[in-house]
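Since the structure comes first, as structure tokens, the remarks are kept for the end.
The values are calculated or read from the model by the stated rules, or taken from the named source; none is laboratory data. Values in this document were obtained by computation on a predicted structure and should not be read as measured data. Ideal geometry is used to build each Cβ from the backbone, glycine not excepted, and the neighbour counts take in all protein chains shown. Note: accessible area is taken over every heavy atom of the protein model, side chains too, but ligands, DNA and RNA are not part of it. Shrake-Rupley method; radii C 1.70, N 1.55, O 1.52, S 1.80 Å.
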Amino acid sequence: TFMLNTDIVYLTGTNGNNGEWRPDCFYSTSPPAKVGRNRENDQLLIQMHFQNRAVDKDEYTSLIELASQYYYGTAGSITAASRAAINAVNKQLLDRNRAGGFSPPLQAGLTCAVLRGADLYVTQSGPGKVVIFRENNFEQFPDHNLSSRAVGMSDQIIAHYFHTVISDGDLLW
């Protein structure tokens with residue numbers, strides 16, 4: 001199986017060059033040593049943001065790592081594993097919201113993007129967008145007509161699934 005060589009760059013909004021800085025809301029990983037069947041060639045990219053309040057780094061880290069564990073630990077299709085990852089985070093946020101202590105409740109957008117070879121699979125729940133800039137055009141997921149409900153607000157997530165092929169030189173944003 002062929003894998004695209006990926007470079008990850010974070011836009012900080014400043015002219016400073018800080019190559020070691022990674023935003024709390026973003027996670028990129030290759031498969032751990034032990035993975036669910038069919039996960040060994042997947043590169044997982046997770047982006048999560050909270051809509052209505054600031055969340056500290058530890059909160060982001062625990063939720064994003066939970067999503068990663070569920071993704072790589074779930075056998076079956078990429079969409080099934082991505083949905084399991086988002087459901088795990090949803091349950092955690094929903095349990096915290098029901099227990100109280102957060103006012104307003106925690107509400108998030110969560111995107112799982114998976115590169116497998118040249119294929120990009122995106123599962124998106126809650127607010128969020130993925131844009132692929134190509135040499136002569138771009139693709140955006142989701143379009144403006146899809147409904148979204150924040151992760152952490154209901155027992156059932158609304159997930160949207162997308163697939164495209166990535167070429168050398170494409171920019172995923």
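Computed 3J(HN,Hα) for segment 120-129, one whole-Hz value per residue from the Karplus formula 6.51 cos²θ - 1.76 cosθ + 1.60 where θ = phi - 60°, is 10, 10, 10, 10, 10, 9, x, x, x, 9, glycine and proline marked x. Descending by average beta-carbon neighbour count within 10 Å, the peptides 82-90, 62-70, 118-126 line up as 82-90, 118-126, 62-70, the highest first. In this structure segment 59-173 gives 47 Å² per residue of accessible area when probed at 1.4 Å with all protein chains present.
For the pair D143 and A80, a Förster radius of 25 Å applied to the C-beta separation gives a FRET efficiency near 0.60, rounded to the nearest 0.05. Remark: segment 27-34, residue by residue, has Karplus-estimated 3J(HN,Hα) of 9, 9, 8, 9, x, x, 4, 10 Hz, where x stands for each Gly or Pro and the curve is 6.51 cos²θ - 1.76 cosθ + 1.60 at θ = phi - 60°. Using the Kirkwood radius over Cα pairs, work out the Stokes-Einstein diffusion coefficient for segment 54-129 at 4 °C and 1.567 mPa s, in µm²/s as a whole number. The diffusion coefficient I find is 98 µm²/s.
Which whole-percent values make up P(r) of segment 47-173 when all C-alpha to C-alpha distances are grouped in 5 Å steps starting at zero? With 5 Å bins starting at 0, P(r) equals 2, 11, 20, 22, 19, 14, 8, 3, 1, 0.
Taking Rh as the Kirkwood radius, which is the inverse of the mean 1/r over Cα pairs, what is the Rg/Rh value for segment 35-77? A ratio of 1.08. Working from Cα pairs under 8 Å separated by at least six residues, relative contact order for segment 80-136 is 27 percent. Couplings 3J(HN,Hα) for segment 87-93, derived from phi with the Karplus relation 6.51 cos²θ - 1.76 cosθ + 1.60 (θ = phi - 60°), are 4, 5, 5, 4, 4, 4, 5 Hz, where x marks Gly and Pro.
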